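The values are calculated or read from the model by the stated rules, or taken from the named source; none is laboratory data. Because the structure is predicted, anything quoted here is derived from the model rather than measured. Positions of Cβ are backbone-derived with ideal geometry, glycine not excepted, and every protein chain shown enters the neighbour counts. Accessible surface areas use protein heavy atoms only, side chains included; no ligands, DNA or RNA. Shrake-Rupley method; radii C 1.70, N 1.55, O 1.52, S 1.80 Å.
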Amino acid sequence: MRAYLLAAAIALAPLPAFAHKIIFGVFQSGDMIEGELGFSNGDMAVAQLVEVFDQNGEKLGEATTDADGFFVYQPSDAITHVFRADLGAG
(Lines give C-alpha, C1' and ligand atoms only; values in the text may rest on other atoms or scores of the structure.)
Protein backbone atom coordinates (compact mmCIF):
# COMPACT_ATOMS: atom_id res chain seq x y z
CA MET A 1 0.00 0.00 0.00
CA ARG A 2 2.84 2.34 0.87
CA ALA A 3 4.49 1.83 -2.56
CA TYR A 4 1.16 2.52 -4.28
CA LEU A 5 0.72 5.82 -2.41
CA LEU A 6 4.29 6.85 -3.20
CA ALA A 7 3.81 6.07 -6.91
CA ALA A 8 0.51 7.99 -6.95
CA ALA A 9 2.12 11.00 -5.23
CA ILE A 10 4.95 11.07 -7.77
CA ALA A 11 2.55 10.69 -10.72
CA LEU A 12 0.34 13.54 -9.49
CA ALA A 13 3.16 15.91 -8.55
CA PRO A 14 3.31 19.09 -10.63
CA LEU A 15 6.12 19.05 -13.16
CA PRO A 16 7.76 21.99 -14.90
CA ALA A 17 6.58 22.77 -18.41
CA PHE A 18 9.10 22.25 -21.18
CA ALA A 19 8.54 25.16 -23.54
CA HIS A 20 10.57 27.45 -25.73
CA LYS A 21 10.52 31.19 -25.94
CA ILE A 22 9.21 32.58 -29.19
CA ILE A 23 11.32 34.81 -31.42
CA PHE A 24 9.13 37.05 -33.57
CA GLY A 25 10.64 40.04 -35.31
CA VAL A 26 9.40 42.33 -38.06
CA PHE A 27 11.19 45.12 -39.90
CA GLN A 28 10.72 47.44 -42.85
CA SER A 29 12.53 46.50 -46.04
CA GLY A 30 11.82 49.11 -48.70
CA ASP A 31 8.07 49.17 -49.25
CA MET A 32 7.67 45.67 -47.73
CA ILE A 33 7.53 44.37 -44.18
CA GLU A 34 9.71 41.32 -43.56
CA GLY A 35 9.65 39.13 -40.52
CA GLU A 36 11.08 36.06 -38.83
CA LEU A 37 9.31 33.60 -36.56
CA GLY A 38 10.77 30.73 -34.58
CA PHE A 39 11.76 29.30 -31.23
CA SER A 40 14.66 30.23 -28.97
CA ASN A 41 16.26 26.81 -29.48
CA GLY A 42 16.83 27.62 -33.16
CA ASP A 43 13.89 25.71 -34.65
CA MET A 44 12.07 28.02 -37.04
CA ALA A 45 8.30 28.10 -37.58
CA VAL A 46 7.89 26.52 -41.03
CA ALA A 47 4.70 27.13 -43.07
CA GLN A 48 3.20 29.10 -40.17
CA LEU A 49 0.29 31.46 -40.79
CA VAL A 50 1.01 35.05 -39.71
CA GLU A 51 -2.06 37.30 -39.54
CA VAL A 52 -1.81 41.07 -39.88
CA PHE A 53 -4.21 43.46 -38.12
CA ASP A 54 -4.55 47.21 -37.72
CA GLN A 55 -4.56 48.91 -34.29
CA ASN A 56 -8.35 48.43 -34.04
CA GLY A 57 -8.15 44.68 -34.55
CA GLU A 58 -9.38 44.68 -38.16
CA LYS A 59 -7.64 42.03 -40.23
CA LEU A 60 -5.54 43.51 -43.04
CA GLY A 61 -4.08 40.32 -44.49
CA GLU A 62 -1.81 37.39 -43.84
CA ALA A 63 1.50 35.82 -44.78
CA THR A 64 3.06 32.39 -44.42
CA THR A 65 6.58 31.62 -43.23
CA ASP A 66 9.01 29.82 -45.52
CA ALA A 67 11.34 26.92 -44.66
CA ASP A 68 13.63 29.32 -42.75
CA GLY A 69 10.83 30.98 -40.74
CA PHE A 70 10.85 34.19 -42.82
CA PHE A 71 7.82 35.94 -44.27
CA VAL A 72 7.11 39.05 -46.35
CA TYR A 73 4.03 41.27 -46.18
CA GLN A 74 3.09 44.05 -48.61
CA PRO A 75 1.32 46.84 -46.68
CA SER A 76 -1.25 48.93 -48.51
CA ASP A 77 -1.29 51.91 -46.10
CA ALA A 78 1.15 53.63 -43.77
CA ILE A 79 -0.62 52.65 -40.53
CA THR A 80 0.19 50.61 -37.43
CA HIS A 81 0.45 46.90 -38.24
CA VAL A 82 0.04 44.17 -35.61
CA PHE A 83 1.41 40.72 -36.47
CA ARG A 84 0.06 37.60 -34.77
CA ALA A 85 0.89 33.91 -35.04
CA ASP A 86 -0.41 30.94 -33.05
CA LEU A 87 2.33 28.41 -32.41
CA GLY A 88 0.10 26.38 -30.11
CA ALA A 89 0.32 25.62 -26.45
CA GLY A 90 3.25 23.70 -25.16
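Within the range 5-14, the presence of a residue that is assigned to a loop (DSSP other than H, G, I, E, B), at pLDDT 90 or above and open to solvent by less than 90 Å² (accessible area, probe 1.4 Å) is excluded. Scanning the range 39-90 for residues that are under 11 Å from the mean Cα position of the chain (by Cα) and without any contact (Cβ under 8 Å) to a residue 12 or more places away in the chain, we see that the one that is most open to solvent (accessible area, probe 1.4 Å) is Ala89.
Once the range 38-54 is narrowed to residues that are part of a strand (DSSP E or B) and modelled with pLDDT of 95 or more, the residue that is farthest from Val72 (Cα to Cα) is Phe53. Please work out if Ala89 is at pLDDT below 95, among the small types (Gly, Ala, Ser) and either in a loop (DSSP other than H, G, I, E, B) or on the phi < 0 side of the Ramachandran plot (or both). In short, yes.
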